[in-house]
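Worksheet: the structure to be examined is printed underneath.
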Amino acid sequence: MTRFIFITGGVVSSLGKGLASAALGALLQARGLKVRLRKLDPYLNVDPGTMSPYQHGEVYVTDDGAETDLDLGHYERYVGVAARKSDCVTTGKIYSTVIGRERRGEYLGATVQVIPHVTDAIKEFIKADLDGEDFVLCEIGGTVGDIESLPFLEAIRQLGNELGRERALFVHLTLVPWIASAGELKTKPTQHSAKELLGVGIQPDILLCRSEHPIPAAARKKIALFCNLSENRVIPALDVDTIYAVPTAYHAEGFDREVCRHFGIETKEPDLGPWQDVVARVRKPEGRVNVAIVGKYTNLPDSYKSLAEAMIHGGIANNVGVDLDWIDAEVFETESEALRQLEGVHGILVPGGFGERGSEGKIEAARFAREHRVPYFGICFGMQMAVIEAARHLADLPEAGSTEFGPCRHPVVGLMTEWMRGNTLERRNEESDLGGTMRLGAYETILASDSQVAKIYGTTRISERHRHRYEVNIAYKGRLEAAGLRFSGMSPDGLLPEIVELPDHPWFVGVQFHPELKSRPFEPHPLFTSFVRAAVDQSRLV
Ligand code: GLN
């Protein structure tokens with residue numbers, strides 16, 4: 001029997017609902033239960049694929065090619081279950097479904113309305129595509145009180161009623177702020193938020209209260225009294241120093257115990273040993289390395305969320321802390337001395353990106369890494385920039401570029417119009433809509449058996465996630481290889497370059513995919529483990 005846990009947020013946004021959901025998922029899983037996590041986002045975009053990283057943070061891509069919210073990244077990292085298209089829905093997607101049905105006449109002449117047609121579509125989504133899970137955790141994006149989230153709240157209210165208490169639970173995440181001038185924690189915003197939720201017909205079963213300070217018993221009692229719950233259902237969620245400490249902290253406050261009690265489920269106590277181990281390694285590294293991330297959206301670390309996490313995982317695997325130095329690539333174009341910032345770093349990483357702005361700076365960073373023998377990791381756009389750099393400075397093609405920035409004499413990176421996914425042909429062209437025309441999701445790569453990457457992965461066939469429109473142009477393969485850039489990973493049909501490396505360099509790898517999306521704290525991605533190890537070696541040299 002699948003049970004449903006609905007997680008809403010109140011008072012302010014950015015309280016970490018995604019992490020809270022992921023942590024609860026991890027705790028239930030550690031009790032031996034099968035979980036699945038889903039995100040319901042109230043915005044009108046069909047998916048976040050067309051949103052600016054400044055607006056939305058990273059776009060997380062699933063194996064089956066969905067462009068989703070970054071919270072799905074937290075879910076995967078915490079519970080290790082690969083997310084699917086059916087785990088992320090937005091108002092935009094729900095409305096397109098409903099309007100599509102209306103146009104096809106499927107509503108048989110009815111007046112199509114938010115209740116019941118939109119709410120029914122939301123409920124269908126919540127219950128669809130399940131596979132014997134004990135729990136489905138559904139996080140509702142936004143904050144209670146937003147106009148946008150009303151249809152979602154109405155849908156989960158109805159579901160709560162239909163499923164009954166034994167199959168549904170409502171968790172509400174709020175803030176208990178510290179008012180410095182009064183020297184007190186204030187419970188009023190939480191009381192108001194719970195009331196707001198009650199106003200749409202939902203009585204929270206558990207309140208998770210974010211706070212910078214320990215919540216005294218009296219305050220907990222007050223919240224319980226005003227919000228209609230027992231005191232042990234008011235769970236303090238204090239700030240922690242690393243996000244990997246969240247599951248153990250919640251467990252210590254009895255979160256998972258109360259969830260199980262609500263449903264009348266008895267399980268073994270969760271084994272949190274692996275989480276404690278990860279936290280211990282993050283807190284007490286044996287050394288530190290310094291890696292420069294040369295990108296575009298560097299002032300908003302959320303736009304590279306999975307990347308930052310994967311670097312932490314690489315550090316965990318090597319018992320070191322990794323300090324990330326976020327550098328806006330444009331400084332290398334405007335300030336002549338700026339490249340000196342890269343002197344002394346132990347690794348340089350150019351992450352994914354779109355558009356011409358900053359690209360010359362990234363090319364300069366790749367050149368610096370190559371010439372100064374600093375470990376270089378190019379991811380997607382970072383691989384494309386490394387290829388342009390090699391074409392210009394090793395293969396004597398000074399006019400090499402990418403057609404992403406307009407026509408050029410030597411398009412070493414260009415738009416592929418057709419490619420194979422397994423046995424199916426997929427297509428795109430210059431006129432395709434921006435939404436959903438990229439090579440998206442998991443594709444296989446065949447590695448050259450004597451390459452550095454084959455050694456790193458320990459295999460010659462891998463599957464990694466993609467999200468890009470342009471490809472390294474196979475027409476230049478011969479010329480670039482003759483100049484020293486090895487094409488060590490190719491698509492199974494041999495037409496799409498997936499990995500390049502410089503055999504003569506301590507560590508220089510460019511990958512067309514996004515390995516950071518598959519790195520997990522308990523299973524650091526081999527490329528990140530190896531890159532951080534190379535950075536450790538470099539730190540011994542400088
Ligand atoms: N802009 C490049 C492309 O579309 C790279 C995309 C990326 O880095 N994800 O191919």
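The values are calculated or read from the model by the stated rules, or taken from the named source; none is laboratory data. This one's a predicted model, so the numbers in the text were calculated from it and none came from an experiment. A quick note on method: Cβ atoms are made from the backbone with ideal geometry, for glycine too, and the neighbour counts reach across all protein chains shown. Just the protein is used for accessible areas: all its heavy atoms, side chains included, with ligands, DNA and RNA removed. Shrake-Rupley method; radii C 1.70, N 1.55, O 1.52, S 1.80 Å.
Every condition in (1) open to solvent by 60 Å² or more (accessible area, probe 1.4 Å); (2) touching a residue at least 12 places away in the same chain (Cβ under 8 Å) holds for Lys284 except the one numbered (2).
When residues in the range 349-370 are screened for being more than 16 Å from the ligand (Cβ to nearest atom) and either acidic (Asp, Glu) or without any contact (Cβ under 8 Å) to a residue 60 or more places away in the chain (or both), 3 of them pass.
Evaluated against (1) of a type outside the set (Asp, Glu); (2) more than 15 Å from the chain's Cα centre (by Cα); (3) at pLDDT below 90; (4) crowded, with 19+ Cβ neighbours inside 10 Å, Gly57 falls short on exactly one condition, (2). Show the residue pairs meeting these rules: Cβ distance below 6 Å; 6+ apart or different chains; first residue within the range 463-481 and β-branched (Val, Ile, Thr); second residue within 16 Å of the ligand (Cβ to nearest atom) and in a strand (DSSP E or B). If the second residue must be within 16 Å of the ligand (Cβ to nearest atom) and in a strand (DSSP E or B), the pairs left are Val472/Val413; Val472/Pro497.
Has the range 9-22 got at least one residue that is buried (at least 21 other Cβ atoms within 10 Å of the Cβ) and assigned to a loop (DSSP other than H, G, I, E, B)? Scanning the range 9-22, I find at least one residue that is buried (at least 21 other Cβ atoms within 10 Å of the Cβ) and assigned to a loop (DSSP other than H, G, I, E, B), so the answer is yes. Among the residues of the range 232-244, those identified as surrounded by fewer than 21 Cβ atoms within 10 Å (Cβ to Cβ) and closer than 16 Å to Pro521 by Cβ are Val240, Asp241, Thr242, Ile243. Residues in the range 206-228 that are open to solvent by 80 Å² or more (accessible area, probe 1.4 Å) and either under 27 Å from the mean Cα position of the chain (by Cα) or on the phi < 0 side of the Ramachandran plot (or both): Glu212, Pro214, Lys221, Lys222, Leu225, Phe226.
Per the listing Asp71, Asp64, Asp41, the residue uniquely out of contact with any His (no Cβ under 7 Å at 6 or more places or on another chain), charged (D, E, K, R) and under 25 Å from Pro274 (Cα atoms) is Asp71.
The single residue among Arg533, Arg540, Arg479, Arg467 that is assigned to a strand (DSSP E or B), open to solvent by 10 Å² or more (accessible area, probe 1.4 Å) and among the basic types (Lys, Arg) turns out to be Arg467. Consider Arg373 carefully, then state whether it is more than 15 Å from the ligand (Cβ to nearest atom), open to solvent by 10 Å² or more (accessible area, probe 1.4 Å), touching a strand residue (DSSP E or B) at 6+ places or on another chain (Cβ under 9 Å) and under 20 Å from His346 (Cβ atoms). Yes. If I go through the range 348-375 residue by residue, how many of them are touching a His at 6+ places or on another chain (Cβ under 8 Å) and closer than 23 Å to Arg469 by Cβ? Residues that pass the stated criteria total 1.
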